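S.K.: I have a structure I would like to understand better, so I am pasting it below and will then ask my questions one at a time.
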Amino acid sequence: MQPLQLFALAADHGRWLAARQAVVAENVANANTPNYKASDLAPFSAPPGAAPIGLARTVAAHLTSGAAAGAPDFARMLSGGEASHSGNTVDLDREMLTAGEIGSAFALEAGIVKAFHRMLLASAKG
Amino acid sequence: MDFLGNAMRIAASGLDAQSRRVLVASENLANANTTGRVPGADPYRRQTVAFENVYDEALGASTVRAGRAGPDPTPFGMQHDPSHPAADSAGMVKTPNVNMLVEMADIREANRSYEANLQVVKRAREMVSLTIDMLRST
């Protein structure tokens with residue numbers, strides 16, 4: 001049976017939430033840009049137990065990824081409503097609601113991690 | 001990759017773009033009655049702002065930039081005032097193509113977008129402080 005890996009899962013979920021917040025920031029900043037299409041991240045799915053198989057590199061300079069340095073590795077999807085006259089699909093109210101959701105989900109995440117950390121410390125100290 | 005820091009920087013570019021938009025709108029409002037000085041001279045021409053999406057390589061995300069799109073090509077208005085220094089032979093003075101209602105509505109919308117960008121900064125900041133809070137022992 002696989003161990004629960006709670007802290008790793010919480011870290012992944014937290015990272016996904018932070019990336020989603022960055023996407024919300026992009027949408028809000030571009031709320032008046034013509035032809036900008038609002039996007040969102042694909043729903044979070046816990047990564048599989050085994051580490052993904054990647055290409056092995058003997059020297060760090062070889063085999064750099066084609067994507068821009070630091071590009072997020074979460075899938076995006078279009079999330080906008082109907083386009084305005086200028087082709088912009090950002091809905092500010094929806095973005096604010098999403099930001100609120102992300103904030104409370106992150107607070108829950110942090111609370112859970114704190115609680116389990118305390119339990120861990122309690123069991124270790126005895 | 002520092003997502004929350006990026007979120008704040010992207011929102012900062014949004015704040016900057018909206019401020020520039022208010023700046024241009026207030027310039028237009030201030031010059032809503034600025035006419036020429038010599039007969040037949042052109043008055044103040046309305047300036048517009050264009051928003052464009054700029055992909056920032058360092059952040060790996062799209063920020064926004066507001067640049068001056070240039071003058072509004074709408075024709076000037078005409079007012080009959082023969083005693084004006086800028087009156088032409090028919091006694092007509094060209095007036096600026098600024099519509100005050102349009103500028104005020106623009107400022108209102110810029111205000112709303114500015115607030116939304118500010119909220120994003122606040123949320124991102126809250127999330128960062130929650131993460132730091134995890135370090136606290138209690």
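S.K.: So which residues in segment B:59-72 are within 8 Å of chain A (Cβ to nearest Cβ) and either of a type in the set (Gly, Ala, Ser) or touching a His at 6+ places or on another chain (Cβ under 9 Å) (or both), if there are any at all? Don't jump to the end; show me each part of the working.
M.R.: Step one: of segment B:59-72, the residues within 8 Å of chain A (Cβ to nearest Cβ) are B:59-64.
Residues satisfying the conditions are B:Gly60, B:Ala61, B:Ser62.
S.K.: Please find, within segment B:41-84, the residue that is nearest to A:Asn32 (Cα to Cα) out of those that are in a strand (DSSP E or B) and open to solvent by 90 Å² or more (accessible area, probe 1.4 Å).
M.R.: Step one: of segment B:41-84, the residues in a strand (DSSP E or B) are B:47-56, B:61-71, B:77-80.
So of that shortlist, the ones also open to solvent by 90 Å² or more (accessible area, probe 1.4 Å) come out as B:55, B:65, B:68, B:78-80.
Numbers: B:Tyr55: 16, B:Arg65: 10, B:Arg68: 14, B:Met78: 32, B:Gln79: 34, B:His80: 38 Å.
Taking the candidates together, the pick is B:Arg65.
S.K.: With the structure loaded, tell me whether A:Pro34 is open to solvent by 60 Å² or more (accessible area, probe 1.4 Å) and either within 18 Å of A:Leu97 (Cβ to Cβ) or modelled with pLDDT of 90 or more (or both) or whether it fails that test. Even if it seems obvious, please write down each step before you answer.
M.R.: Working: open to solvent by 60 Å² or more (accessible area, probe 1.4 Å): yes; either within 18 Å of A:Leu97 (Cβ to Cβ) or modelled with pLDDT of 90 or more (or both): yes.
For A:Pro34, the condition - open to solvent by 60 Å² or more (accessible area, probe 1.4 Å) and either within 18 Å of A:Leu97 (Cβ to Cβ) or modelled with pLDDT of 90 or more (or both) - is met.
S.K.: Can you name the residue in segment A:1-34 that is facing another protein chain (nearest Cβ under 8 Å) and in a loop (DSSP other than H, G, I, E, B) and, of all such residues, is farthest from the chain's Cα centre (by Cα)? Please lay out each step first, then the result.
M.R.: The first filter runs over segment A:1-34 and keeps only residues facing another protein chain (nearest Cβ under 8 Å), leaving A:14-15, A:17-19, A:21-22, A:24-26, A:28-34.
Next, from what is left, pick out any that are in a loop (DSSP other than H, G, I, E, B): A:30-34.
Numbers: A:Asn30: 19, A:Ala31: 21, A:Asn32: 24, A:Thr33: 24, A:Pro34: 26 Å.
Out of the qualifying residues, it is A:Pro34.
The values are calculated or read from the model by the stated rules, or taken from the named source; none is laboratory data. Please read these numbers as outputs of a predicted model, since none were measured by experiment. No Cβ is skipped: glycine too gets one built from the backbone with ideal geometry, and neighbour counts run over all protein chains shown. Just so you know, the surface numbers come from the protein's heavy atoms only, side chains and all, with ligands and any DNA or RNA stripped out. Shrake-Rupley method; radii C 1.70, N 1.55, O 1.52, S 1.80 Å.
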